[in-house]
1. For the stretch 379-398 and the stretch 48-85, write down the distance between their C-alpha centroids in whole Å.
2. Neighbour counts of other C-beta atoms within 10 Å: give me SER471, SER268, SER122 arranged from fewest to most.
3. Counting Lys +1, Arg +1, Asp -1, Glu -1, what net charge surrounds VAL90 among other residues with beta carbon under 13 Å of its beta carbon?
4. Can you put THR231, THR118, THR20 in order, fewest other beta carbons within 10 Å first?
5. How big is the C-alpha Rg of the stretch 341-468 next to the rule-of-thumb value 2.2 N^0.38 Å, as a ratio?
6. Among VAL392, VAL227, what is the fewest-to-most ranking by other Cβ atoms within 10 Å?
7. Using the alpha-carbon atoms, what tilt in degrees (0 to 90, nearest 10) does helix 51-62 show relative to the longest principal axis of the chain?
8. For the chain, what does -39500 (n - 2.57) per DSSP helix run (n ≥ 4), summed and divided by total residues, give at 222 nm, in deg cm²/dmol to the nearest 500?
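No lab work stands behind these numbers, since they all come straight from the coordinates. This one's a predicted model, so the numbers in the text were calculated from it and none came from an experiment. Counting neighbours? That spans all protein chains shown, and the Cβs are built from the backbone with ideal geometry, glycine included.
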Amino acid sequence: MLAMWAVAGAIRWQHLQEATLGSDALGQFLAAWTVLSGGAPVPPNPEGGHSLWLLGLPCVLIGRSLEGVFAVRFVLGALVAPLGAAAAWVWAPPSRTRWLGAVVTGLMLAWDPGLVDTLVVSFRGYGAPELVALALLAAGLGGRLGAGIAGASAVAATGQHPMAAGLALGVVGLVGRWGRQEWQWALGCLVVAALPRLVWLWSLGSCGAGFMECLGTVATGSAEPDVDRLTMLKRAFWDRFVVETGPGVALALGVGLLVGLWERHTRSLTAVVLLAGLGVLLLGLGIQGLRPYHLRALMPFLAVAVGCVISVRPALLVALAGCVVGLGIRWTAPSAPDGGVRGVDAFGAALASVDVPMQVEAVWFGDPVGVEPGAVVLSARQHGLDPARQLVVDGSGPVVLIVNLADDPTAAGLVQDARIWPELDAAATWPDVRVLRAESLDEARAWLQSTDPPPVVAGGSFDWVKAFKPSVTDHQSL
């Protein structure tokens, strides 16, 4: 299992520098710091759960830089492979070739380009696949401990991504063989794990427009009412399986499931896996928001089912390999642009060394994609910045103003007369970014009012203030 973890980790490590640094990617880490700073635990987004910041805790506690934070997260994400392999071993009928099915399952989960992309992009499922694999393993082991872990993991997976709730149809089918005590432990742990989420849902439902209306706004926030359900369904299967994994893999998965239904030793397990997939589809189509990446959390179910079939029918592996070779496979996840992790770390390390109380803000003169204040301050905190001594939120101290210029050769003229903060100058790393110094928030505002054209977006301090100054309820920003 350690070897499987190492293989999955090595595959993911190649994409570490591609990690995106938007608010979705940083949210779970900043939410973890909110708790460590004495604030109330709050999920980083409305549809998420508390397991998001819980998964972020080891990352910020171990990582000594922003790159270190993401490195820990990628290593944790790689756990999906050994957990899935162990689950396949547990669920497969006893045989001399059971190890073969476990290896195939682990390699499938280690390789899956979609699961790699989930870590790189972050918002497309977070840690749901790992927790689903853990729930599968625990459900197979059974006993009071296994039942309790399965119940808590199922809740945690839905906290990572609400679409994982659709897998409940499959999870319930898996545990039909449990005894009374196991059910009691599972339900007890499930209820305890779900209580914080229920409290969070209650607060979301108290927006003033009626409980169901408030929750409906969150649930349908990513809905596509203009896309008919059949088109949505075809797009999900095509993009997730044919494009993302390759047509050969898509066919191999289909053949494996068909054989699983035909083989009596794996028929029940395969039917349960199909129920889990049906649950995700019904949930996604029900809110008219099914996306291809919603099917990624189903992959541990699919991989375990195919692995169990191979354990019983090892010769099937030759046929599945023929499908992959004949129709093709996407061997690696698509390469993404450098996310700027090391550049932000250089900025953060420099910021941590500035020994004056300061406030970090940003402005965007073009597309609101660039250097985020939350990323810089998070990096600085990992490098040793003391929020109590080095961060202010009342507008009185010096302002570190991150200026994200438009992608225009003339844009640099906006800051030619402004005061650059030499120790924090980021132009060498990001040609379209300047770091200015203003002695107060009023001075920064005055400079912004003098710019022509004005910035598209100004501010950006909310995320880091919530994380490192959680007791502040109303702070001044641009």
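1. That distance is 25 Å.
2. On the way: SER471 7, SER268 15, SER122 23.
Fewest-to-most ranking of SER471, SER268, SER122: SER471, SER268, SER122.
3. Working: positive: ARG98, ARG177; negative: none.
Neighbour charge sum, excluding VAL90 itself: +2.
4. Least crowded to most crowded, the residues run THR231, THR20, THR118.
5. Working: Rg = 13.4 Å, N = 128, 2.2 N^0.38 = 13.9 Å.
The value comes to 0.97.
6. On the way: VAL392 20, VAL227 13.
Ranking VAL392, VAL227 by Cβ neighbours within 10 Å, fewest first, gives VAL227, VAL392.
7. Computed tilt is about 70 degrees.
8. Details: 22 runs with 272 residues, N = 478.
Only helices count here, giving -18000 deg cm²/dmol.
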